[in-house]
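What follows is one structure encoded as structure tokens, with my remarks underneath.
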Amino acid sequence: MVLQIDGLTGGYSKTPVIHDISFNIGHGEIVGLIGLNGAGKSTTIKHILGLLRPHSGEIRVGGLTASEDIESYRRQLAYIPETPILYEELTLKEHIQMTAMAYGIDEATAMSRAERLLKIFRLETKVDMFPKHFSKGMKQKVMLICAFLSHPDLYIIDEPFLGLDPLGIESLIDLMVEEKRNGRSILMSTHIRATAERYCDRFAIIDDGRLIAIGSLEALREEFDMPGATLDEVYLKITGGGVTHD
């Protein structure tokens with residue numbers, strides 16, 4: 001297993017936001033993390049990244065916990081946040097070089113990988129520019145380039161399609177499918193359930209801080225007796241379509 005989560009309870013304070021969450025992700029698998037704003041998706045992701053310490057339970061990436069070896073743990077991950085986070089004083093090329101250093105990739109290899117990604121996202125003429133000159137969509141593409149050149153075992157992508165133009169969305173989906181074929185795995189948090197339905201192998205549905213269902217669309221249809229239902233229809237039925245407030 002690439003990711004193992006067992007009985008995860010945690011949050012930002014002594015009061016838990018997420019409760020007893022357990023699921024695994026295997027090699028070459030795309031899993032959609034589905035839930036409304038406030039359902040607990042971002043809290044779960046921050047625990048996986050090692051940014052929050054669990055109140056109880058355990059998270060392993062490649063068999064390691066963050067407490068055993070945080071550097072090795074994090075090198076197995078690439079994280080693409082919902083809001084791009086870039087360094088205003090570094091050019092696009094310098095962001096690529098910094099990513100290479102963080103993952104222990106030699107610069108020649110990193111630039112070779114980045115060259116293809118720059119063309120895919122149409123930023124090959126922008127390598128010497130600073131982020132202040134980029135639109136939000138361009139900044140998101142820089143984050144994607146840096147993540148996909150690192151070739152980790154697990155990508156964690158939070159709302160990947162926000163800010164991207166239609167060509168950027170298709171390019172990202174193509175890259176995700178390619179990485180899956182190469183045996184790498186993706187945990188994708190998204191509100192766009194119709195797109196998730198097309199590309200995810202399984203879905204982990206979180207509501208009010210609890211994992212209430214996990215499985216392929218077909219498995220969820222069988223479990224909830226909804227033959228032929230879309231992911232959206234299944235989701236609305238099992239959550240009641242309500243809004244959470246945690």
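The values are calculated or read from the model by the stated rules, or taken from the named source; none is laboratory data. Because the structure is a prediction, the values reported are computed rather than measured. Here the Cβ positions follow ideal geometry from the backbone for every residue, glycine too, while neighbour counts run over all protein chains shown. With ligands, DNA and RNA removed, areas are computed over all heavy atoms of the protein, side chains included. Shrake-Rupley method; radii C 1.70, N 1.55, O 1.52, S 1.80 Å.
State which residue is nearest to the chain's Cα centre (by Cα) when the search covers only region 68-97 and only residues that are at pLDDT 95 or above and among the β-branched types (Val, Ile, Thr).
Checking each candidate, the answer is Ile96.
If you go through region 222-233 one residue at a time, how many are open to solvent by less than 50 Å² (accessible area, probe 1.4 Å), of a type outside the set (A, V, I, L, M) and assigned to a helix (DSSP H, G or I)?
0
How many residues does region 193-213 contain that are open to solvent by 60 Å² or more (accessible area, probe 1.4 Å), assigned to a strand (DSSP E or B) and hydrophobic (A, V, I, L, M, F, W, C)?
1
Just checking, how many residues over region 63-102 are among the aromatic types (Phe, Trp, Tyr) and in contact with a Lys or Arg (Cβ under 6 Å, 6 or more places away or on another chain)? I'd like the intermediate steps shown before the answer.
Our first condition is that a residue be among the aromatic types (Phe, Trp, Tyr); within region 63-102, this holds for 73, 79, 87.
Still in the list and also in contact with a Lys or Arg (Cβ under 6 Å, 6 or more places away or on another chain): none.
Summing the residues that are among the aromatic types (Phe, Trp, Tyr) and in contact with a Lys or Arg (Cβ under 6 Å, 6 or more places away or on another chain) in region 63-102 gives 0.
Listed residues Ala78, Ala100, Ala114; which is touching a Phe, Trp or Tyr at 6+ places or on another chain (Cβ under 8 Å), small (Gly, Ala, Ser) and surrounded by 15 or more Cβ atoms within 10 Å (Cβ to Cβ)?
Values: Ala100 fails: touching a Phe, Trp or Tyr at 6+ places or on another chain (Cβ under 8 Å); Ala114 fails: touching a Phe, Trp or Tyr at 6+ places or on another chain (Cβ under 8 Å).
None of the others qualify; the one that does is Ala78.
Cβ contacts < 7 Å: first residue among the charged types (D, E, K, R), restricted to region 7-30; second residue outside any strand (DSSP E or B), any location; separation 6+ or different chain. Result?
Glu29/Asp201
Can you find a residue that is out of contact with any strand residue (DSSP E or B) (no Cβ under 9 Å at 6 or more places or on another chain) and either over 29 Å from Phe203 (Cα atoms) or among the hydroxyl-bearing types (Ser, Thr, Tyr) (or both) anywhere in region 59-67? Before you say what the answer is, go through the steps one by one.
If we filter region 59-67 for residues that are out of contact with any strand residue (DSSP E or B) (no Cβ under 9 Å at 6 or more places or on another chain), which is where we start, we get 64, 67.
Of the ones still in play, those that are also either over 29 Å from Phe203 (Cα atoms) or among the hydroxyl-bearing types (Ser, Thr, Tyr) (or both) are 67.
Taking every residue of region 59-67 in turn, at least one turns out to be out of contact with any strand residue (DSSP E or B) (no Cβ under 9 Å at 6 or more places or on another chain) and either over 29 Å from Phe203 (Cα atoms) or among the hydroxyl-bearing types (Ser, Thr, Tyr) (or both).
Collect the residues in region 177-188 that are open to solvent by less than 40 Å² (accessible area, probe 1.4 Å) and touching a Pro at 6+ places or on another chain (Cβ under 8 Å), keeping them in residue-number order.
Met188
Just one of Leu33, Leu52 is of a type outside the set (Val, Ile, Thr) and either part of a loop (DSSP other than H, G, I, E, B) or over 30 Å from Ala219 (Cα atoms) (or both); which is it? Give the steps one after another, and end with the answer.
Details: Leu33 fails: either part of a loop (DSSP other than H, G, I, E, B) or over 30 Å from Ala219 (Cα atoms) (or both).
Only one candidate qualifies: Leu52.
So is Ile21 in a strand (DSSP E or B) and either at positive phi or aliphatic (A, V, I, L, M) (or both) or not? Explain how you work it out, then say what you get.
Values: in a strand (DSSP E or B): yes; either at positive phi or aliphatic (A, V, I, L, M) (or both): yes.
Yes, satisfied.
If I ask for residues that are under 15 Å from Glu82 (Cβ atoms) and in a helix (DSSP H, G or I), which ones from region 138-167 would you list? Full working, then the answer.
Going residue by residue through region 138-167, those that are under 15 Å from Glu82 (Cβ atoms) are 139-144, 147, 155-164.
Hits for region 138-167 are Lys139, Gln140, Lys141, Val142, Met143, Leu144, Ala147.
What do you reckon, is Ser67 part of a loop (DSSP other than H, G, I, E, B) and hydroxyl-bearing (Ser, Thr, Tyr)? It would help to see each step written out before you state the result.
Details: part of a loop (DSSP other than H, G, I, E, B): yes; hydroxyl-bearing (Ser, Thr, Tyr): yes.
Answer is yes for this residue.
Within region 169-191, can one find any residue that is within 22 Å of Asn37 (Cα to Cα) and assigned to a helix (DSSP H, G or I)? Full working, then the answer.
If we filter region 169-191 for residues that are within 22 Å of Asn37 (Cα to Cα), which is where we start, we get 169, 186-191.
Then drop every residue that is not assigned to a helix (DSSP H, G or I), which leaves 169.
Yes; the residues of region 169-191 include at least one that is within 22 Å of Asn37 (Cα to Cα) and assigned to a helix (DSSP H, G or I).
Lys237: surrounded by fewer than 20 Cβ atoms within 10 Å (Cβ to Cβ) and among the basic types (Lys, Arg), yes or no? Walk me through it before giving the result.
Values: surrounded by fewer than 20 Cβ atoms within 10 Å (Cβ to Cβ): yes; among the basic types (Lys, Arg): yes.
It is true that Lys237 is surrounded by fewer than 20 Cβ atoms within 10 Å (Cβ to Cβ) and among the basic types (Lys, Arg).
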